[in-house]
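Novice: Would you mind keeping the following structure in view while I ask a few things?
The values are calculated or read from the model by the stated rules, or taken from the named source; none is laboratory data. Keep in mind it's a predicted model, so treat the numbers as computed, not measured. Note that each Cβ is placed from the backbone with ideal geometry, even for glycine, and that neighbours are counted across all protein chains shown.
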């Protein structure tokens with residue numbers, strides 16, 4: 001094969017247009033939208049709109065919207081190679097699913113205090129919830145610190161989540177309704193922040209300019 005034929009074949013190969021990249025989509029649009037119903041229901045319960053004994057009424061939104069669809073968004077993000085989004089959505093999916101099942105198990109009496117199946121007392125339930133909240137508070141604080149290089153809007157949302165979990169823990173340990181009310185207000189605040197981020201993503205998908213997200217707190 002001559003040099004000329006090599007050049008010609010190379011030029012021919014270069015002239016062949018590359019196949020267009022397949023669209024990958026944005027899993028954050030689904031994840032953020034389905035995060036909100038369970039969180040809003042929890043906030044309404046915390047501020048007293050839904051009576052305390054009716055906590056189990058929020059479990060459909062918590063498990064099937066905020067839990068299941070965040071899990072779907074996690075799988076989608078993993079599929080398109082966005083490991084950061086997958087890690088964040090997977091963390092929140094695990095929280096909502098575990099919270100929902102904890103509420104269900106306590107409501108129907110699947111959590112017992114002995115092999116004989118004696119139902120736990122209110123104090124036992126408080127200890128179980130406190131253990132759950134402490135574990136997740138550690139996780140959410142770690143998530144907040146690990147994502148400080150994200151735009152400020154994300155850090156603000158995660159920070160409010162940390163504060164809300166701490167307030168709910170204080171409410172569980174003390175029984176002071178003020179902590180629950182403040183936690184409910186905090187829930188609505190981080191819902192507003194994440195709704196803002198979701199609104200920005202939807203707008204960009206439709207051709208709008210990016211909205212301000214703030215500079216990262218860590219370079």
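Novice: Of the residues 102, 129, only one is closer than 19 Å to residue 54 by Cα, at pLDDT below 95, part of a helix (DSSP H, G or I) and within 19 Å of the chain's Cα centre (by Cα); which?
Specialist: Unique residue meeting the criteria: 102.
Novice: Another question about this same structure. Suppose the filter is exposed (fewer than 15 other Cβ atoms within 10 Å of the Cβ), at negative phi, modelled with pLDDT of 95 or more and assigned to a helix (DSSP H, G or I); does residue 203 pass it?
Specialist: Numbers: exposed (fewer than 15 other Cβ atoms within 10 Å of the Cβ): yes; at negative phi: yes; modelled with pLDDT of 95 or more: yes; assigned to a helix (DSSP H, G or I): yes.
Yes; evaluated as a whole, the condition is true for this residue.
Novice: Could you say whether any residue in segment 45-59 is closer than 19 Å to residue 90 by Cα and assigned to a helix (DSSP H, G or I)?
Specialist: Yes, the conditions are met somewhere in segment 45-59.
Novice: Going through segment 159-181 one residue at a time, which ones are crowded, with 16+ Cβ neighbours inside 10 Å and over 20 Å from the mean Cα position of the chain (by Cα)?
Specialist: Of everything in segment 159-181, those that are crowded, with 16+ Cβ neighbours inside 10 Å and over 20 Å from the mean Cα position of the chain (by Cα) turn out to be 170, 171, 172, 179, 180.
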